[in-house]
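These notes concern the structure reproduced below.
The values are calculated or read from the model by the stated rules, or taken from the named source; none is laboratory data. Values in this document were obtained by computation on a predicted structure and should not be read as measured data. Quick reminder, even Gly has a Cβ in these numbers, built from the backbone with ideal geometry, and neighbours come from all protein chains shown. Please note that ligands, DNA and RNA were not included when accessible areas were found on the heavy atoms of the full protein model with its side chains. Shrake-Rupley method; radii C 1.70, N 1.55, O 1.52, S 1.80 Å.
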Amino acid sequence: CDLKIHKVSASCGCTAVESEDVIKAGATSVIKATFNSSGQKNKINKNITIITNIPGRDASGRDKNRIILRMKGTVNVPKK
C-alpha cells in the first residue's frame, strides 16, 4: 500500500517544508525542511506535522496518520 501524504505543515512561518504526495510501497523519500533563522536567537523548537493515510491508533491511543517531526537547535548570534 502506498503512503499518501495529505498535508505537511510547519509550526511557524519561519520553517518551510517540501515533500512528495505519494511514496510507493518499499520506496524511500525525503521531507525537506528549511528554517529561516533571521530574527531568531538562542534555543529553537519547531514542529512539522505530517498527515497521511495510515489507519488506526497506536498503543497510546494516538492516531497513526498524524506524525510529528521535531527540530531542535540553537541559533548563535555573533557578538558585535
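Could you please find all residues in region 13-34 being among the hydrophobic types (A, V, I, L, M, F, W, C) and surrounded by 11 or more Cβ atoms within 10 Å (Cβ to Cβ)?
Answer for region 13-34, where residues must be among the hydrophobic types (A, V, I, L, M, F, W, C) and surrounded by 11 or more Cβ atoms within 10 Å (Cβ to Cβ): Cys14, Ala16, Val17, Val22, Ile23, Ile31, Ala33.
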The listed residue being within 12 Å of the chain's Cα centre (by Cα) and either under 11 Å from Leu3 (Cβ atoms) or not polar (S, T, N, Q) (or both), out of Ile23, Ile68 = Ile68
ask   = Within the set of pairs 6+ apart or on separate chains, which have a first residue in region 9-23 that is over 18 Å from Val75 (Cα atoms), a second that is part of a loop (DSSP other than H, G, I, E, B) and not small (Gly, Ala, Ser), and C-beta atoms under 8 Å apart?
value = Val17/Ile31; Glu18/Ile31; Ser19/Val30; Ser19/Ile31; Val22/Asp2; Ile23/Asp2
task = Just one of (1) modelled with pLDDT under 95; (2) part of a strand (DSSP E or B); (3) of a type in the set (D, E, K, R) trips up Lys7, so point out which.
result = (1)
request  = Return the residue satisfying two criteria in turn: it lies in region 35-80 and is of a type in the set (Lys, Arg) and not in a strand (DSSP E or B), and of such residues it is most open to solvent (accessible area, probe 1.4 Å).
outcome  = Lys80
